[in-house]
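Taking it in order: structure first as structure tokens, then the write-up.
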Amino acid sequence: MPTFTALTTLTGKDSAEALAEALETLTPEPTGVGAFEMEDGSGLWEVGSYFEEAPDQAGLALLAAIHGAKPFTISELPETDWVAKVRRELTPVEAGRFFVYGSHDADKVPDDCEPLLIEAAMAFGTGHHGTTLGCLRALDRLANTGFVGKSVIDIGCGTAVLAMAAARIWPGVMLASDIDEVAVEVAEANVAANDLVGRVECIEAAGLDHPRFVAAAPFDLVFANILKGPLIDLAPDVTSRLQGGAKVILSGILNEQADEVIAVYCGLGNSLEHREEIGDWTTLTLTNN
């Protein structure tokens, strides 16, 4: 069965969400609609929808005009076995002592590593993206200095790969949170697949106000691999829940956004310890003074 996509961009969250809602009224109905802020610093939002039959081009043009969006780009996607494709393309990733792999590469796991199994069907957070890779490298560097995380939280955990990496090398229970229910389910499945049940606790929550997090604070290590806007919004809460000397590993930051994030966190009493660029993305390690 063919799949069609219709994509456009426009300015403003409210306009994007209104357009996304309007798309639901089309006939034929879309099978999925989403509105996402673009990560290039342009301030634009992308609105996209999927259809199982050719969409109404006149209807799309009218909605774009009404909401001040660019004309929709309509494409027919080729039929693809996406899981098989991901398995071919997602080769194992090495990040210091950590080795991230799918079950199809289980025979490639070296003896002298900390293995992390992430299934190919759960692709974001596999370590291939520069943000996740940067965080794993930052964790490896911290561990090499003798740092031991005793109270650790991974905010916006996705697959929970970062919390699991911490659990591989340190004792105790690592916390992993995400605002998305499906992401939390994926995280729990990965925790079980890596025999880390009881070592990584996955919680659906936004921010740091959940009772479990309040009880666990202050933290000595916080991961936040999200986006610039939420990182800045969370900066006061993150900093207020840190022990003195605690570490913060931040990513999901485009290279040109890094200085702004650094300024906000340093203005709250943290200092920059390390920054690494991988492709378009920057990972920051900061210390709470």
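The numbers here are math on the coordinates, done by the rules we state, and not lab data. Predicted model, so just to flag it, every value in this text is computed and none were measured. Cβ placement follows ideal geometry from the backbone for every residue including glycine, while neighbour counts extend to all protein chains displayed.
So here's what we get for this one:
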read-out	value
Sequence-distant residues sharing a close amide H with M174 (under 5 Å, placed H)	V200, E201
Spatially proximal aspartates and glutamates relative to K247 (Cα-Cα < 14 Å; intrachain offsets below 8 disregarded)	D140, D154, D220, E273
Whichever lysines have a C-alpha closer than 17 Å to that of K228, once near sequence neighbours (fewer than 8 apart) are set aside	K13
Karplus (6.51, -1.76, 1.60) ³J(HN,Hα), θ = phi - 60°, over region 66-74, in Hz, Gly and Pro reported as x	4, 9, x, 9, 5, x, 5, 9, 10
With Cα atoms, 0 to 90° folded angle of helix 258-267 axis to the chain main axis	50 degrees
Gaussian network model of the chain, Cα within-10 Å springs - most flexible of D14, D180, D220	D14
The chain, relative contact order [Cα under 8 Å, separation at least 6], %	13 percent
Label point at N289 placed 7 Å out along Cα→Cβ; residues across region 202-235 whose backbone nitrogen lies under 18 Å	235
Pairwise FRET efficiency - L7 versus H210, Cβ, R0 = 35 Å, nearest 0.05	0.50
Kirkwood-Stokes translational diffusion coefficient of the chain, alpha-carbon pairs, 37 °C, 0.692 mPa s, µm²/s	161 µm²/s
Helix 181-193 vs. the chain, principal-axis angle (Cα, 0 to 90°, nearest 10)	50 degrees
Cα shape, region 133-266, gyration tensor, a/c 1.5 rule	rounded
